[in-house]
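A quick write-up on the structure given underneath.
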There are 2 protein chains.
Amino acid sequence: MTTRRATITDVAALAGVSVATASKALNGRDDVRATTRQLVIDAAAQLSFQPNVLAQGLLSGQTRTVGLLTSDMVGRFGIPVLLGAENAFGAGEMAVLLCDARGDAIREQHYIRTLLSRRVDGLIVVGESTDPRPSITKDVPVPVVYAYAPSDDPADVSFVPDDEGGARLAVRHLIATGRTRIAHITGPTTYKAATDRAEGVRETLAEAGLEQVGETLSGAWSQRWGRLAADMLLLNDPQIDAVFCGNDQIAAGFIEAARERGRRVPDDIAVVGYDNWEVLSEETRPTLTTIDPDLERLGHTAAQHLFAAIDGKATPGVHSMPTRLVIRDSTAPGIPDTPWQVSRGGSEA
Amino acid sequence: MTTRRATITDVAALAGVSVATASKALNGRDDVRATTRQLVIDAAAQLSFQPNVLAQGLLSGQTRTVGLLTSDMVGRFGIPVLLGAENAFGAGEMAVLLCDARGDAIREQHYIRTLLSRRVDGLIVVGESTDPRPSITKDVPVPVVYAYAPSDDPADVSFVPDDEGGARLAVRHLIATGRTRIAHITGPTTYKAATDRAEGVRETLAEAGLEQVGETLSGAWSQRWGRLAADMLLLNDPQIDAVFCGNDQIAAGFIEAARERGRRVPDDIAVVGYDNWEVLSEETRPTLTTIDPDLERLGHTAAQHLFAAIDGKATPGVHSMPTRLVIRDSTAPGIPDTPWQVSRGGSEA
DNA sequence: GAAATCACCTAAAAGGTTTTCGTAACGTAG
DNA sequence: CTACGTTACGAAAACCTTTTAGGTGATTTC
């Protein structure tokens, strides 16, 4: 809580030059003698001068600020994306204005207006599921990039996790470790994430000439459903030797129930989860092999493409971002087929 | 991606008045005829005019923007605080610039400079633990409010959860439900949160004339430690009828291990957790009675006090924010002493 | 009929920075 | 000594909005 902040006028006065010269000296432009430049720099340091970004932006029309519009920060998936994006912004000299519309379209409109009146250079919209969401690109005079939830307009720039590819990774890993009787438990079919992953399972098994054990079991994304599905599955199809679960919570529930039914994981049944939600995947017993959608990278990439779009180099289309297989103990420890781990999850502090 | 944005000059021209009149008309000031005002408003709507906040800020010296400096967004506690703060900002016409210093002091300094050059009206600093952190208030010409982690300067404005009070709530609840042989398992003593809660336990038991069973067991904040501690406790002090755990993960581990050892929860042993981390507290079997530190409210309150401070009405000191007891099934279902639940946690979507 | 009042509107300045253009000083070539 | 190029600096415009002070015309008052 000190006094008024120094302006470039103050700096110029202290250095005994005009504001124009001071500006040029501070911005490293030519046409200013080295000694004069140093004089100005010293003066600026002495006053701890910092250029007023508002004035700069007013003039240049660029604010070096982007808006980050999230539809529901409470959820688990928005945060890592946001984090990755913020990360990319911080690297440059960009700043990010955060708005959480909390799934409310009215609120979203309000925030869009607010962000525009603040003259953001671009917008990144992060959704809470992989289902397409309404495009806002046409209502907005700046570039927009969609992360996690793609825009429903394929001409927009969207980044989504490759759920189908993730499922492939999981199933291939199970097959590689010698499993052949593989089941799939997942979340509500109303989620594109669930159907995409199921499709990945189907295709990969077909390619390997294997048949999926039972139908894909769809329920909630919860541990409870994982336990329930495990009971059903172990009753109806006791011969299974592996199960790929649509998320880590289902997997955790499955492992718990399977153990109570006397099935050993991974010896009798291998289990793969999805999301690599470490509070769960590292706390199950055994720890959980899972697919990491690498959301932080997704957010980072989305942000970088927003920069590109701001520079006029947009990359339209829906881009699928690769996922990673994180091998832990719930699948075949020490099986010779997979001598090298693709990736091993670190431990939390 | 349209053309140049309209300025108030365009609006004035279209309405056939001067910019001054246009400004007054749009800002609801006097000295403008109703018909003229409507003319201007229509023109503004037609051009979808939005005042340039940069120009407004340049003039008024206020940006209606605050910086939100978080030390580690990856952690669990920063997010709800952030959410509550964002919530409070959105209600007014404030916007929030998000910066994640990721626990790095250098980075933090950098962000502070960035935020200041953007002329934020205030700063809210959210930490990742309840341990005091270095004050930055003196380096900064705008009001600062600390949330979750207090400033080490007691003259600053800080908001922290009342961990001691939370522990009191937990222990009183256990006593009220008829438990008398109560143990406490918690996290590392290097955390103020752990020692504060332990102190709350000690005092409350003393007030009730009860003796704590065994020493407070300090370990990691993990489910693993909860299981381990359960084994130790059940071996050394088999007579316990309740345990208060320093967080929900420890509690989840405890419940798991206790069940494996044949102890029924809550019939034989009641368990209370801390944090109300719903992915855990609602998925344990039985569901977990726990203390909700109400972090979202903490963030909200901090933001509101930042507004007050910006208006010159600062409220110095470290403010303890009350916690809530969330009763679920791990403590005495249907015990007559507590006919009304203080609060019941909702379920996740 | 002149003066005072009123309602409505405009011109201009202010806010901080960057950039363009102008200009002064100086050196060099003719 | 003139003409011109170079170097270093300064004046002023531009960005967009709000506010203050002032101005115009119409109406009222004595």
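The values are calculated or read from the model by the stated rules, or taken from the named source; none is laboratory data. The structure presented is a predicted model; accordingly, all values stated were derived computationally and were not measured. All Cβ positions, even for glycine, are placed from backbone atoms using ideal geometry, and neighbour counts span all protein chains on display. Protein only, heavy atoms only, side chains kept; ligands, DNA and RNA dropped before computing areas. Shrake-Rupley method; radii C 1.70, N 1.55, O 1.52, S 1.80 Å.
Summary table below
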quantity	calculated
Selection from the stretch A:33-48 of residues that are within 13 Å of DNA strand C (Cβ to nearest atom) and open to solvent by 70 Å² or more (accessible area, probe 1.4 Å)	A:33, A:48
Sole residue being among the acidic types (Asp, Glu) and farther than 30 Å from residue A:163 by Cβ, chosen from A:128, A:108, A:86, A:93	A:93
Filter result for residue B:109 (more than 20 Å from residue A:100 (Cα to Cα), away from DNA strand C (no atom under 16 Å from the Cβ), modelled with pLDDT of 90 or more and more than 41 Å from the chain's Cα centre (by Cα))	no
Flag if residue A:14 is within 10 Å of DNA strand C (Cβ to nearest atom) and of a type outside the set (D, E, K, R)	no
Members of the stretch B:317-331 that are part of a strand (DSSP E or B) and either under 15 Å from residue B:166 (Cα atoms) or of a type in the set (D, E, K, R) (or both)	B:319, B:320, B:321, B:324, B:325, B:326
Among (1) open to solvent by 40 Å² or more (accessible area, probe 1.4 Å); (2) more than 8 Å from DNA strand C (Cβ to nearest atom), the one test that residue B:65 misses	(1)
Matching option when the condition is over 27 Å from residue A:125 (Cα atoms), among the small types (Gly, Ala, Ser) and more than 10 Å from DNA strand D (Cβ to nearest atom), among A:25, A:43, A:55	A:43
Selection from the stretch B:176-185 of residues that are buried (at least 19 other Cβ atoms within 10 Å of the Cβ) and part of a loop (DSSP other than H, G, I, E, B)	B:177, B:179
Pairs with Cβ under 9 Å, 6+ apart, first in the stretch B:111-128 and within 17 Å of residue A:50 (Cβ to Cβ), second of a type in the set (D, E, K, R) and crowded, with 21+ Cβ neighbours inside 10 Å	B:111/B:100
Residue check for residue B:77: aromatic (Phe, Trp, Tyr), farther than 21 Å from residue A:123 by Cα and either touching a strand residue (DSSP E or B) at 6+ places or on another chain (Cβ under 6 Å) or more than 12 Å from DNA strand C (Cβ to nearest atom) (or both)	yes
Filtered residues of the stretch B:6-16 (kept if over 23 Å from residue A:119 (Cα atoms) and open to solvent by 60 Å² or more (accessible area, probe 1.4 Å))	B:16
Conditions (1) more than 9 Å from every other protein chain (Cβ to nearest Cβ); (2) within 15 Å of DNA strand D (Cβ to nearest atom): number failed by residue B:16	(2)
Which listed residue is touching a Lys or Arg at 6+ places or on another chain (Cβ under 7 Å) and open to solvent by 10 Å² or more (accessible area, probe 1.4 Å), from B:104, B:131	B:131
Listing of strands (runs of 3 or more DSSP E) fully contained in the stretch A:69-175 that carry 1 or more residues being away from chain B (no Cβ under 11 Å)	A:122-126, A:144-147, A:157-161
Residue tally, condition open to solvent by 30 Å² or more (accessible area, probe 1.4 Å) and either within 30 Å of residue B:207 (Cβ to Cβ) or of a type outside the set (Ser, Thr, Tyr) (or both), over the stretch B:134-175	14
Boolean, residue A:190 is open to solvent by 10 Å² or more (accessible area, probe 1.4 Å) and either among the small types (Gly, Ala, Ser) or free of Cβ contacts under 8 Å to residues at least 24 places away in the same chain (or both)	yes
The stretch A:31-59: number of residues that are touching a helix residue (DSSP H, G or I) at 6+ places or on another chain (Cβ under 8 Å) and free of Cβ contacts under 8 Å to residues at least 12 places away in the same chain	6
Residues of the stretch B:17-32 satisfying the condition of being surrounded by fewer than 16 Cβ atoms within 10 Å (Cβ to Cβ) and more than 7 Å from DNA strand C (Cβ to nearest atom)	B:27, B:28, B:29, B:30
Among residues of the stretch B:19-68, those that are part of a helix (DSSP H, G or I) and more than 14 Å from every other protein chain (Cβ to nearest Cβ), counted	18
Matching option when the condition is away from DNA strand D (no atom under 16 Å from the Cβ), among the basic types (Lys, Arg) and modelled with pLDDT under 95, among A:4, A:37	A:4
